[in-house]
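I have placed the structure first, in the form of structure tokens, so that the comments after it can refer back to it.
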Amino acid sequence: MKILGLESSCDETAAAVVENGTHVLSNVVASQIDIFAEYGGVIPEIAARSHLEAVLPVIDKALKDANETLDTIDAIAVTHTPGLLGSLLVGTLTARTLALLHEKPLYAVHHLKSHVYANWLYTKYDIKFPVLALVISGGHTQILSMPSHNSFEIIGTTKDDAIGECFDKVAKILGFPYPGGPEISKHAENGDPEKYPLPIPKVAGLDFSFSGLKTAVIRKAQSIANLPISYPSHDIKNHLTPEQKNDLAASFESTAVKILLEKLDAALPSCLYSSIIIAGGVSANSLLRKTLGKTYKNLPVYFPDPKFSGDNGAMVASAAFFEIESGVKPTNPYSLTISPRSAIS
Ligand code: KG4
Ligand code: ZN
């Protein structure tokens, strides 16, 4: 079964054709990163307009790269929640129109489910259930229990900022461009992770908190630069040396990874899992990949291929395939709804 997957929930317009949930026939991503690097973050109105310009050419290229047409594919899948409303509207309206015009079944997919399914793309291995999934992205930080395909229970979530958001905010404080995650990693490679110890937040159970870590970085940076705690965070970067920035980046990154590991450790004994899956944009992080390795506490650890860790259409097509396999019926194109926030189920 060949599925055209569309993704437009944030600042990537993406389309892909995937066969049987795992075999990627094409994958096209038009990123708006260059536009938002200059603003230091995503501007929803601009994101929606950029999706409008990109969506049809991106779909066209994905179909051509796969040697398919809208008539030869079997189904269309699209992200409908969570995300920026204007961005979701562009993707879903396009998908609804194409499904109606070409009489194809339409599947509306949850964005976090797609991130998890990025781990099934190109996999020759058989990921064993039950799975413990750590979803770490710009908008979410969750631990999911996944007993079987298309079945999820949230067992931990962030109380405030998402981890990717925290990487982006800390990068901005240090004067690095958006998106901050890869920039922090790059600078951290030349820094000392032990130089500026940062506190690990105490949060009950399997939940997370990242806003305190961001504040701790601001306070540490102010004290290194001999600035008062009232000093505006947007200007601290002008008082830090490149070496201090590298050390702060390394100290922050290692603390963020320690927080993830602490909760992963806490989650593992709560149930018997057979595999660990890491998903979402932050799963590209090389320190996390190195720290967890291929096995952790005797369990196999899976990371998506780095090209599928960020937002893409292939993971949407994969998630839809496994939904179909689990008996999920197509969505009515006339009544598909979008939502900025909703829990995975
Ligand atoms: O999953 P994603 O592409 O979009 C959302 O669904 O939010 O995640 C984007 C996030 C951004 O916050 C970005 O800074 C972060 O993933 N990210 C990273 C790395 N690459 C991207 N964070 C840490 N290390 C990285 N190498
Ligand atoms: Zn995402």
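FYI, it's all coordinate maths here, none of it is from the lab. As the structure is a computational prediction, the values presented were derived from the model and not from experiment. Quick reminder, even Gly has a Cβ in these numbers, built from the backbone with ideal geometry, and neighbours come from all protein chains shown.
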Potential extension, residue 148-residue 215 segment - 0.36 nm per residue separation minus Cα distance
20.3 nm
Let me know the shape class of the stretch 178-237, please: from the alpha-carbon gyration tensor, a ≥ b ≥ c as square roots of the eigenvalues, rounded when a/c is under 1.5, otherwise prolate if a/b is greater than b/c, or oblate.
oblate
Per GNM of the chain with C-alpha springs under 10 angstrom, the most fluctuating residue out of 86, 205, 164 is 205
Checked the stretch 270-325 against the a/c 1.5 cut and the a/b vs b/c comparison, axes a ≥ b ≥ c from its Cα gyration tensor; verdict oblate
Among 192, 161, 311, residue whose mean-square fluctuation peaks in a GNM of the chain (springs only between Cα atoms under 10 Å)
192
Calculated FRET efficiency for the pair residue 299/residue 34, C-beta based, R₀ 41 Å, to 0.05
0.60
In debye, nearest 20: dipole of the stretch 128-303 around its Cα centre with unit charges on the Cβ of K, R (+) and D, E (-)?
180 debye
Non-local amide H neighbours of residue 6 (under 5 Å, H modeled in plane, Pro and chain starts lacking H): which ones?
77, 78, 79
Compute the acute angle (0 to 90°) between the alpha-carbon long axis of helix 242-267 and the principal axis of greatest extent of the alpha-carbon atoms of the chain; round to the nearest 10°.
60 degrees
Using the count of nearby Cβ atoms within 10 Å as a rough guide to exposure, how do 102, 111 rank from fewest to most?
102, 111
Over the stretch 98-204, relative contact order from alpha-carbon pairs under 8 Å, at least 6 apart, %
14 percent
Label the stretch 88-180 by shape, choosing from rounded, prolate and oblate, from the square roots a ≥ b ≥ c of the eigenvalues of the Cα gyration tensor; if a/c is under 1.5 it is rounded, and otherwise prolate applies when a/b is larger than b/c, oblate when it is not.
oblate
Efficiency by 1/(1 + (r/R0)^6): what FRET value for residue 258 and residue 233, r their Cβ-Cβ distance, R0 = 25 Å, to the nearest 0.05?
0.60
Want the number for residue 72 to residue 23: 0.36 nm per residue separation, take away the alpha-carbon distance, what's left?
16.0 nm
Using only Cα atoms, tell me the angle between helix 211-224 and the longest principal axis of the chain; keep it within 0 to 90° and round to the nearest 10.
40 degrees
Lys, Arg +1 and Asp, Glu -1 on Cβ, resulting dipole of the chain about Cα centre, debye, nearest 20:
720 debye
Could you work out how far helix 44-65 tilts from the main Cα principal axis of the chain, as a 0 to 90 degree angle to the nearest 10?
50 degrees
Packing-based ranking, highest mean first, of 90-101, 136-147 given that Cβ atoms within 10 Å are counted
136-147, 90-101
